[in-house]
1. Ordered by packing density, taken as the mean number of other Cβ atoms within 10 Å over each peptide's residues, highest first, how do 181-188, 17-24, 215-222 rank?
2. How would you classify the chain from its alpha-carbon gyration tensor, with a ≥ b ≥ c the square roots of the eigenvalues: rounded for a/c under 1.5, else prolate if a/b is greater than b/c, otherwise oblate?
3. In nanometres, what is the gap between the two model label sites at L301 and A327, each 7 Å from Cα along Cα-to-Cβ?
4. Normalised by the number of residues in the chain, what is the relative contact order in percent for Cα pairs under 8 Å and 6+ residues apart?
5. Only helical DSSP H runs with n ≥ 4 go in: add -39500 (n - 2.57) per run for the chain, normalise by residue count and round the 222 nm mean residue ellipticity to 500 deg cm²/dmol.
6. For the ranges 52-59, 8-15, what's the packing order if you count other beta-carbon atoms within 10 Å of each residue, average per peptide, and put the highest first?
7. Can you tell me the length gained on complete extension of the stretch N135 to D233, counting 0.36 nm per residue apart and subtracting the Cα distance?
8. Considering only protein heavy atoms and a probe of 1.4 Å, how much of the accessible area of the chain is carbon and sulfur, as a whole percent?
Amino acid sequence: MTAAPRVLLLNDTDEGATHFGCMRVMRTIRAELAQRGMADLPSIKVGTDWRRDPGLTERIDAADLVVINGEGTLHHGKRRGRWLLEAGARVKARGGRVALINALWQDNPSDWADLARGFDILACRDGHSATDLANATGREVTCLVDLSMLHPWDPPATARSGVMVGCSVHGKVTEALARFAQEGGHDFVPVTTEIKSIPARLTGWRRWLRARSNAWRNGRFQARFPDARFLRDDLGFLTELSRHRLVVTGRFHAVCLAILSGTPFIAVSSNSWKIEALVKDIGLDPARLRGLSALTQETLLERNWDYSSAERAAIAASLSRWRDTGAALFDRIASLTPDRPT
């Protein structure tokens with residue numbers, strides 16, 4: 001007899017169902033692995049320092065296969081990124097298997113490549129990252145769209161009107177975008193359920209303190225921008241996108257979901273090259289990228305922001321190609337699972 005392999009997900013970014021892009025990423029990973037016989041998998045939440053928790057270290061040491069969701073963590077030498085790579089290297093050192101998927105890789109220390117080089121699978125979510133990681137490790141790196149876009153979504157057949165404005169990872173940029181929406185009479189709809197959420201890794205008094213702080217900040221934001229609308233899930237967000245003729249946002253995942261829903265967008269830069277890379281990978285008009293200082297109400301009127309026929313064709317071709325690549329990637333991950341004697 002054989003027992004099911006012990007598979008562990010690292011960097012579970014769906015923190016309390018508060019970020020619609022992360023909801024879709026983790027749902028996609030779980031659905032694709034479940035289709036290949038790996039259902040109901042345990043995970044370690046984003047930002048968790050497993051090295052300080054003997055219980056989590058024990059779970060990592062017991063895993064036959066670790067799947068690391070790189071997402072937006074592996075850039076600019078963030079310590080949280082190093083924790084993920086060190087966990088993977090620890091698994092490899094004792095003979096386990098490791099798949100790094102859906103990764104952004106930008107401006108990282110040279111020794112990070114040493115940690116990742118031995119992983120069984122390396123897959124990035126944009127071409128810039130795939131090229132940099134391949135050059136750093138000397139390994140083949142799969143390039144695949146962010147997993148929030150892997151599964152198709154058909155928008156309802158409704159007329160589009162008005163402009164929707166979203167948020168940013170930067171608090172000051174979010175406030176500037178909220179003012180932009182308020183001044184122009186546009187709908188302000190973040191890609192999150194609230195402006196400030198509680199990291200899932202926090203427990204005890206730290207969680208209590210963060211809850212109090214966030215309640216104050218969220219209330220203050222809502223008082224300043226009373227027309228801001230906070231939705232509850234990714235399907236509601238996609239539906240809201242499909243009602244608008246244009247979305248202005250500083251969030252990478254809001255751009256991903258705009259593309260998925262067929263909604264034209266204008267994007268303000270985030271905290272890495274992720275939005276710019278997505279625009280380049282698909283072949284969209286780079287004029288869709290705007291600096292915050294150059295974003296005015298007149299920007300919305302200076303041209304027709306609808307997708308051109310070339311952009312629509314590029315989106316369709318890219319999503320089709322990436323879905324084929326995604327199916328092959330998850331097949332490769334499934335092939336890493338060993339049969340263990342009981």
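1. Numbers: 181-188: 16.9, 17-24: 22.9, 215-222: 13.8.
Top of the packing list down: 17-24, 181-188, 215-222.
2. On the way: a/c = 1.91, a/b = 1.48, b/c = 1.29.
Judged from the Cα gyration tensor, the chain comes out prolate (a/c at least 1.5, a/b above b/c).
3. About 4.8 nm, to one decimal.
4. Values: 595 pairs, mean separation 65.1, N = 342.
For the chain, the relative contact order is 19 percent.
5. Values: 11 runs with 146 residues, N = 342.
Counting only the DSSP helices, I get -13500 deg cm²/dmol.
6. Numbers: 52-59: 12.4, 8-15: 23.1.
Packing order, densest peptide first, comes out as 8-15, 52-59.
7. Details: separation 98, 0.36 × 98 = 35.28 nm, distance 3.80 nm.
Stretched out fully, the N135 to D233 stretch lengthens by 31.5 nm.
8. Values: 7510 of 14910 Å².
Heavy-atom surface of the chain belonging to carbon and sulfur, 1.4 Å probe: 50 percent.
The values are calculated or read from the model by the stated rules, or taken from the named source; none is laboratory data. Please read these numbers as outputs of a predicted model, since none were measured by experiment. Cβ: placed from backbone, ideal geometry, glycine included. Neighbour counts: every protein chain shown. These accessible areas exclude ligands, DNA and RNA; they are computed on the full protein's heavy atoms, side chains included. Shrake-Rupley method; radii C 1.70, N 1.55, O 1.52, S 1.80 Å.
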